[in-house]
Every structure is written in structure tokens, then in C-alpha cells.
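Below is one structure, written out as C-alpha cells, with a few remarks after it.
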Amino acid sequence: MLTLHHLNYSRSIRVLWLLEELGIEYDLVKYERDENFRAPPELKAIHPLGKAPVLVDDDLTLAESAPILSYIDERYGDRRFSPPVDGDAAAIHDEWLQYVESSASLPIMMTSLGKRMGGLPDGLAKFTGPEVTKTLGYIGAGVGDGPYLMGEQLMLADIQMCYMLAIAESAGLLKEHPDVAAYLDRLRARPAFIAATEIGGPLMPARR
């Protein structure tokens, strides 16, 4: 049986969400962040990175959200949340799936951390500001008429996207991007997403 090692307020909510969408059995091992918002050392016993998500399936141990999502959907989901492999849509979807934690995450994460730490240095702020605008504009255009990135059907790329957009929202970055905010709301309205957060906790800590 699949075992998901899940850390609260982390990217592992993506995997928990997919498992709930598929309705398959799994074991869940929960971990709590410490007082410094770091993952506990126990996670290093599961994977050397000491981060979540980590998926264990018999002798296979996988870290990183995108390959975990793809593995589950391929092995256990009959590619329900992936386009057919014999068309251009598969390549476009893979671009979106990888984009989240490559190009999109850097400016959003830097801006979010800067807000928590009292602001970014001027040089970094001059870089992140335009990059955040470009990133969120690109996502908004990608959703288009939606409701999802690839059209009418939820895909792995949408599941991958949700956590990063929640970070952007918590940093106040979606106020000028109502199309992206509406897309995030649609993702969070999915019954399987709601079930995942009831099981694994919310995406973000409560605002103080």
C-alpha cells in the first residue's frame, strides 16, 4: 500500500489531494513543523532531503511533488489526471507541471519570505516585482476560459499549482490578479481538496 509522509503547511497537501481525488487506499504518516517552521528531523530517516512530500511504495521511495503526482496517476490512476501521451497536450501539460516549481516559484517565494522578514533589499525587490507580475499574468492567461489550465478537466498541473498560488495569496499578490484568485478558489472548492485539508490540515497557517 502507498504510504504518504505528510508535513503540515507543506507541498505534500498536493499528493494527499490527488489520493483523495482517486479514492484509493493509502497510509498517512503526519509530521508537525517545529517552532522555527522547519520540518522535524524524523523526516530525514525517510528521505535524505528531510522534506515532504515523500511517497513510499514497497521498495520505492520518492520525493518531490511532480514526480510523485505523475507516478501515482500513471501507476494507480489510469492517467485520469494526465493528457493522452500521443498528443501535444501531454507536452504542454508537462510544461505547466514543471513550471510551478521552476520559473514560477522563485519570485513568489522570495516575495513571500521578504514580507515575513520586513522587506527585501532594493535590488531583489526590483527583480521580484516584475517577475511576480509576469508569472501571475502568465498563469491567468493560461487558465483563460478555464476552468482549469488544460480546459474543462482538472489535471496534475492544477494540483501542483494550488500550493504556490496559496502562498501568493497569503503574501497579498493576488489582489491585482482576480482571474488567478478565482482559479485558486475553484481549486479549493473541489470536494477532494476539501477532504485533503480536513485530513492533513490547511494549506497555510492562520493569519495573525
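The values are calculated or read from the model by the stated rules, or taken from the named source; none is laboratory data. From a predicted model like this one, the values you see are computed outputs, not experimental measurements. As a convention, Cβ positions derive from the backbone with ideal geometry for all residues, glycine included, and neighbour counts pool all protein chains shown. To get the accessible areas, we keep the full protein, side chains included, count just its heavy atoms, and leave off ligands, DNA and RNA. Shrake-Rupley method; radii C 1.70, N 1.55, O 1.52, S 1.80 Å.
Please go through the range 17-34 and give me each residue that is surrounded by fewer than 23 Cβ atoms within 10 Å (Cβ to Cβ), in a helix (DSSP H, G or I) and touching a helix residue (DSSP H, G or I) at 6+ places or on another chain (Cβ under 6 Å), ordered by number. Hits for the range 17-34 are Glu20, Glu21. Here's a check for you: in the range 35-59, which residue that is acidic (Asp, Glu) and open to solvent by 60 Å² or more (accessible area, probe 1.4 Å) is nearest to Ser12 (Cα to Cα)? Result: Glu42. Evaluating Leu203 against the criteria (1) at pLDDT below 95; (2) open to solvent by less than 20 Å² (accessible area, probe 1.4 Å); (3) farther than 19 Å from Ser65 by Cβ leaves one unmet condition, (3).
I want to confirm something. Restricting to the range 71-114 and keeping residues that are in a helix (DSSP H, G or I) and of a type in the set (Phe, Trp, Tyr), which single residue is farthest from Ala157 (Cα to Cα)?
Restricting attention to the range 71-114, the residues satisfying the condition of being in a helix (DSSP H, G or I) are 71-75, 88-114.
In the following step, the residues that additionally are of a type in the set (Phe, Trp, Tyr) were identified as 71, 96, 99.
On the way: Tyr71: 13, Trp96: 6, Tyr99: 9 Å.
For the range 71-114, the residue satisfying everything is Tyr71.
Against the criterion of being touching a strand residue (DSSP E or B) at 6+ places or on another chain (Cβ under 6 Å), of a type outside the set (D, E, K, R), assigned to a helix (DSSP H, G or I) and at pLDDT 95 or above, Ile68 qualifies. Residues that are without any contact (Cβ under 8 Å) to a residue 40 or more places away in the chain and open to solvent by 50 Å² or more (accessible area, probe 1.4 Å) were ranked within the range 154-175; the one that is farthest from Ile108 (Cα to Cα) is Lys175.
Could you check the range 132-153 and list, in sequence order, the residues that are surrounded by 17 or more Cβ atoms within 10 Å (Cβ to Cβ) and either touching a Gly at 6+ places or on another chain (Cβ under 6 Å) or of a type in the set (Asp, Glu) (or both)?
Going through the range 132-153, the residues surrounded by 17 or more Cβ atoms within 10 Å (Cβ to Cβ) turn out to be 132, 135-136, 139-140, 142-143, 148-150.
Leu149, the sole residue that qualifies.
One residue is enough: does the range 84-97 have a residue meeting the conditions open to solvent by 50 Å² or more (accessible area, probe 1.4 Å) and either in contact with a Ser or Thr (Cβ under 8 Å, 6 or more places away or on another chain) or basic (Lys, Arg) (or both)? Taking every residue of the range 84-97 in turn, none turns out to be open to solvent by 50 Å² or more (accessible area, probe 1.4 Å) and either in contact with a Ser or Thr (Cβ under 8 Å, 6 or more places away or on another chain) or basic (Lys, Arg) (or both).
Is there a residue being among the acidic types (Asp, Glu) and open to solvent by 60 Å² or more (accessible area, probe 1.4 Å) anywhere in the range 66-73? Within the range 66-73 (the criterion being among the acidic types (Asp, Glu) and open to solvent by 60 Å² or more (accessible area, probe 1.4 Å)), the answer is no, since none of the residues qualifies.
Of the residues Leu187, Leu113, Leu120, the single one that is modelled with pLDDT of 95 or more and at negative phi is Leu187. Here is the figure for the range 150-198: residues that are assigned to a helix (DSSP H, G or I) and touching a strand residue (DSSP E or B) at 6+ places or on another chain (Cβ under 7 Å) total 1. In this structure, is Ala125 free of Cβ contacts under 8 Å to residues at least 24 places away in the same chain, in contact with a helix residue (DSSP H, G or I) (Cβ under 9 Å, 6 or more places away or on another chain), over 21 Å from Glu21 (Cβ atoms) and open to solvent by 20 Å² or more (accessible area, probe 1.4 Å)? Taking the combined requirement at face value, the residue satisfies it.
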